[in-house]
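Everything on this sheet refers to the single structure shown next.
The values are calculated or read from the model by the stated rules, or taken from the named source; none is laboratory data. Since we're looking at a predicted model, the values are computed, not measured. All Cβ positions, glycine included, derive from the backbone under ideal geometry; neighbour counts span all protein chains shown.
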Amino acid sequence: MDGGLAHPRARDAGPPHPQEAELTAGTRIEPGRSYGFLTDTTLCIGCKACEVACKEWNNLPAEAGGLTGHSYDNTGQLGAHTWRHVTFKEHGPRQGEMPPFQSNWLMMSDVCKHCDPAPCLEACPTGAIFRTEFDTVVVQQDICNGCGYCVPACPFGVVELSKEDGKAHKCTLCYDRLKGGLEPACAKACPTDSIQFGVVEDLVERAEARVASLQKAGQDKAYVYGAPGTPGATGGIRRLNAFFVLAERPEHYNLPPAPSRPARNARPAFLSGLATMAGLAAAALLLGVGRR
Amino acid sequence: MSVERPALPPAVQAEWRGETYHGRPVTKASSFDWKVSFYIAAVGMAGACQVIAAVARTRPGGEGLARRARFLALAGSTVGPLVLVQHLKTRSRWYNMLRIFRPTSPMSLGSWLLTAFGGLTGLTAIGEVLGRRWPFARRVADAAQVPAAVTGAGMGVYTAGLLASTSTPLWAAAPASLAAQFGSASVAGAASALALLQRAAGEAGSARRLEALALVAGAAEVLAAHGTERRLAERGLDAPLQAGTPGALNMIGGKAIGFALPVAAHGLGRAVGGRAGALLPEIACFAMILGGAAMRHAVLRAGNDSACRPEHTFRATQQAHLPATRETRR
């Protein structure tokens with residue numbers, strides 16, 4: 001009766017298949033765990049390798065921009081075709097000695113935060129935006145109908161509709177690479193490990209340790225933005241799966257200081273709206289609407 | 001109920017002093033344009049028509065008004081969505097709106113609400129067409145009337161909840177009063193449109209009662225708008241609704257044409273009376289419909305404007321404005 005069945009040895013799972021992410025990011029990528037980015041801005045040198053790696057891997061077209069005059073930031077913003085964006089802010093006079101952390105410039109590689117819960121996902125009426133088995137947030141291009149509701153829903157201005165194909169686009173946290181056991185392109189390309197990829201819980205621990213060591217080294221402004229219980233994870237947003245170590249107020253990095261989940265506004269609007277309609281229906285009855 | 005206020009380190013400046021990132025926008029503006037405001041006004045009016053039809057059905061002699069209200073509701077719930085679909089960037093996939101039910105998304109709720117409302121309105125209209133020959137059709141129509149009015153009330157206001165459930169500072173600032181504003185504008189528009197039809201059909205008494213309802217709704221709209229604008233001013237978010245085209249639409253369109261002109265025209269019509277004032281009620285009704293639509297378009301445009309102003313996003317997202325929350329999920 002064994003004819004046609006695979007040899008028992010072939011069905012054994014055996015030792016886990018080696019993954020590249022174990023070598024490059026020190027973590028295995030398995031469905032059911034939460035993955036994200038820790039972007040440590042105190043390590044960013046503004047090389048934009050992440051922007052390039054992202055465009056290369058995801059085959060995203062260049063956006064003709066020209067010079068903005070905003071320090072070295074000629075990318076401008078995240079958008080349909082730009083899923084990593086390095087922000088530059090020149091900060092105070094040049095210091096005579098060099099402390100062991102980024103100090104004169106504020107540089108941050110911005111990215112989709114893969115919020116939990118995600119306002120874009122909560123707004124999406126088609127189910128095109130979904131949460132993957134890696135706890136990341138992805139737009140399914142074969143379902144999106146370009147209604148555009150995710151765009152104003154995002155508290156960080158990440159999602160954008162593409163003029164070319166009429167669908168919403170944003171960072172996928174390299175969903176295809178994660179499926180293949182590879183760390184996301186931007187994190188792999190980052191030469192200073194300002195962008196670190198891993199399991200969110202591990203990254204939070206790493207971020208807290210980094211903030212402690214920065215404080216010890218004299219950077220007393222360092223803090224975590226987006227981990228549970230920190231600025232950025234507020235107003236019903238439990239955490240950002242892509243979170244940051246910052247060293248100035250969030251506004252300097254174009255991040256809202258205390259974002260909240262926009263869907264919280266639906267209930268008061270519906271209740272007050274329906275009460276208004278009921279009141280006006282009562283007024284119609286009192287006014288005798290319907291009598292000749 | 002508690003308010004989470006995660007602290008910044010003591011070394012970081014505690015108060016925001018207006019810093020932005022090179023003045024660049026934080027959030028992105030929606031792609032919503034005049035097609036969306038047309039839809040908001042059209043289905044709002046259609047929904048309120050069904051509320052009025054349900055009220056009219058309770059009165060003897062209200063059949064004519066109920067019939068016209070049902071047909072107007074059918075027209076609004078047909079044309080509105082057809083225009084709205086044109087706003088989708090991938091129009092051929094409009095039916096994906098009914099692919100899932102997402103309770104957190106007012107747009108998903110609205111899609112299903114519209115589907116239910118359209119179906120019920122179709123039943124009430126079929127009852128009017130076939131009711132004379134088949135009494136059964138009329139009974140179906142009457143059974144559908146109350147659910148049509150309930151979903152219709154939802155159609156009048158859900159669009160405000162949809163705009164409020166975004167990160168656009170101006171839309172999100174005052175969800176309750178914005179919905180009251182949209183709802184009363186829907187009733188004012190529907191009552192005005194029906195008053196026009198009733199006058200054309202020779203039911204002048206019925207038209208006058210509808211005009212009174214329109215004025216009550218218009219007054220409620222002005223009150224609610226005052227609430228919205230006061231909240232916006234408190235938070236320093238009022239500029240987009242005062243300057244430029246949205247400001248003109250709001251003040252001249254929404255307030256002057258939408259309320260002051262109809263009040264004046266009705267007053268003058270009553271005072272002058274007779275042939276001299278014959279057209280004044282009609283002018284008042286048209287003005288009210290236009291004004292309601294202008295108010296919605298002003299709010300839509302001003303919201304898109306506010307989303308592009310980083311200082312507005314930052315003002316709206318300071319910790320002091322965090323709502324009290326009951327969550328956390330999981």
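Here are a few things to note about the model shown:
- Residues located in the stretch A:112-127, provided they are in contact (Cβ under 8 Å) with a residue 24 or more places away in the chain and either in contact with a helix residue (DSSP H, G or I) (Cβ under 7 Å, 6 or more places away or on another chain) or surrounded by fewer than 22 Cβ atoms within 10 Å (Cβ to Cβ) (or both): A:Pro117, A:Pro119, A:Cys120, A:Glu122, A:Ala123, A:Cys124, A:Pro125
- Screening the stretch A:253-273 for residues that are of a type in the set (A, V, I, L, M, F, W, C), facing chain B (nearest Cβ under 7 Å) and assigned to a helix (DSSP H, G or I) and picking the one that is farthest from the chain's Cα centre (by Cα) gives A:Phe270.
- Between B:Ser192, B:Ser206, the distinction of being hydroxyl-bearing (Ser, Thr, Tyr) and within 20 Å of the chain's Cα centre (by Cα) belongs to B:Ser192 only.
- Where a residue in the stretch B:18-45 is away from every other protein chain (no Cβ under 12 Å) and over 21 Å from A:Gly166 (Cβ atoms) and its partner, wherever it lies, is basic (Lys, Arg) and not in a loop (DSSP other than H, G, I, E, B), with Cβ under 8 Å and at least six apart: B:Ile40/B:Arg296; B:Ala41/B:Arg296
- The residues in the stretch B:181-195 that are more than 11 Å from B:Met45 (Cβ to Cβ) and more than 9 Å from every other protein chain (Cβ to nearest Cβ) can be counted, and the count is 1.
- Residue list for the stretch B:196-252, restricted to those being among the basic types (Lys, Arg) and either in a helix (DSSP H, G or I) or more than 14 Å from chain A (Cβ to nearest Cβ) (or both): B:Arg199, B:Arg208, B:Arg209, B:Arg230, B:Arg231
- Subset tally (residues that are within 12 Å of another protein chain (Cβ to nearest Cβ), assigned to a helix (DSSP H, G or I) and free of Cβ contacts under 8 Å to residues at least 12 places away in the same chain) for the stretch B:56-88: 2
Here's the yes/no breakdown for (1) surrounded by 20 or more Cβ atoms within 10 Å (Cβ to Cβ); (2) under 21 Å from A:Tyr175 (Cα atoms):
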position	(1), (2)
A:Tyr35	yes, yes
A:Cys54	yes, yes
A:Glu63	no, no
A:Ser71	no, no
A:Thr75	yes, no
A:Thr82	yes, yes
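- Among (1) touching a strand residue (DSSP E or B) at 6+ places or on another chain (Cβ under 9 Å); (2) surrounded by 24 or more Cβ atoms within 10 Å (Cβ to Cβ); (3) closer than 30 Å to B:Thr124 by Cα - the single one B:Lys28 does not satisfy: (3)
- For the stretch B:89-122, filtered to residues that are of a type outside the set (Gly, Ala, Ser), facing chain A (nearest Cβ under 7 Å) and in a helix (DSSP H, G or I), the residue that is surrounded by the fewest Cβ atoms within 10 Å (Cβ to Cβ) is B:Trp94.
- Matching residues in the stretch B:283-323 - criterion: being touching a Phe, Trp or Tyr at 6+ places or on another chain (Cβ under 8 Å) and outside any helix (DSSP H, G or I): B:Gln318
- Some residue of the stretch A:87-99 being modelled with pLDDT of 95 or more and either under 26 Å from A:Arg33 (Cβ atoms) or surrounded by 23 or more Cβ atoms within 10 Å (Cβ to Cβ) (or both): yes
- Only listed residue being surrounded by fewer than 21 Cβ atoms within 10 Å (Cβ to Cβ), farther than 14 Å from A:Arg84 by Cβ and within 17 Å of the chain's Cα centre (by Cα), chosen from A:Glu201, A:Glu164, A:Glu205: A:Glu201
- Within the stretch B:89-135, restricting attention to residues that are among the β-branched types (Val, Ile, Thr) and touching a Leu at 6+ places or on another chain (Cβ under 7 Å), the residue that is nearest to A:Thr126 (Cα to Cα) is B:Thr115.
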